[in-house]
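Read the figures in this text as sums done on the coordinates, not as results from a lab. Computed from a predicted model, the values in this text were never measured in an experiment. Positions of Cβ are generated from backbone atoms using ideal geometry, with glycine treated the same way; all protein chains shown enter the neighbour counts.
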Amino acid sequence: MRATITDFLNRYRIAYQCYQHPPLEDCQAASRLGVERAGVAIKNLFLNDNYRRRHFLLLCRPHLSVDLKQLSKDIAVSRLGFASPRRLEHYLGVKPGHVSLLALCHPNAQAVELLVDSDLLAASAWQAHPGNNRETFVLQREDVDQFLSRTGHIMTPVAITELSEPA
């Protein structure tokens, strides 16, 4: 998938900065390992509705525990849940732990809707894995917009409600 992503970015002259690092299974791993990169870190969640007819890539701040029930209500979708690894590979061409915005250039990604934590929209640069978790590409916000324009995806801003801690 990395070659598909870099070919896509290069074909459309979308600039990015590449950082190499040990494998990062999740957003917290970068902090634990002291991996420094420019741009805002992003948690990527691949979701589907209860009927598995609609698929979503949710980009949000890494520290959030997303209330999927509330998000389902907010976007008027029947019970959001995590999509299976099989669906992830089919629609985005990546395995769990390797998901990012850049996977939207996969041919089957046209069926994926993009939800973005509204608090990320002000960030000037975004981090994204290029199909593997051993590298991070950093794109300026205008390059993210150009990327999405080329893939045909539209960002749907959403307010993220955090899960409440049990009393």
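Structural remarks
- From least to most packed, judged by other beta carbons within 10 angstrom and beginning with the fewest, F82, F137, F8 follow the order F82, F8, F137.
- The phi torsions of segment 75-90, fed into the Karplus equation with coefficients 6.51, -1.76 and 1.60 and a -60° offset, translate into couplings of 9, 6, 10, 6, 5, 5, x, 6, 6, 6, x, 5, 5, 4, 5, 5 Hz, rounded to whole numbers, with Gly and Pro shown as x.
- For the chain, share of DSSP beta bridges that run antiparallel, in % to the nearest 5: 65
- Charge dipole (Cα centre; +1 on Lys/Arg Cβ, -1 on Asp/Glu Cβ; no other charges) of the chain amounts to roughly 520 debye.
- Between V116 and L59, T156, V158, the built amide H atoms are under 5 Å apart, and every one of these is 5 or more places off in sequence or on another chain.
- Only beta bridges with both residues in segment 93-164 are counted; by DSSP, about 50 percent of them are antiparallel.
- Partners of K43 within straight-line reach, counting lysines whose Cα lies under 19 Å from its Cα and excluding those fewer than 8 residues away in the same chain: K69, K95.
- Each of S31, A83, V99 was scored by the projection of its Cα onto the charge dipole of the chain, and the greatest displacement toward the positive side belongs to A83; charges sit on the C-beta of Lys, Arg, Asp and Glu.
- For the chain, diffusion coefficient by Stokes-Einstein and Kirkwood Rh (Cα), 20 °C, 1.002 mPa s, µm²/s: 133
- For the pair H21 and R86, the difference between a 0.36 nm per residue extended length and the Cα-Cα distance amounts to 20.7 nm.
- For the chain, calculated [θ]222 nm from helices alone, where every DSSP H run of n ≥ 4 adds -39500 (n - 2.57): -7000 deg cm²/dmol
- Shown for E25, E36: other C-beta atoms within 10 Å of each C-beta, ranked fewest to most, produce the order E36, E25.
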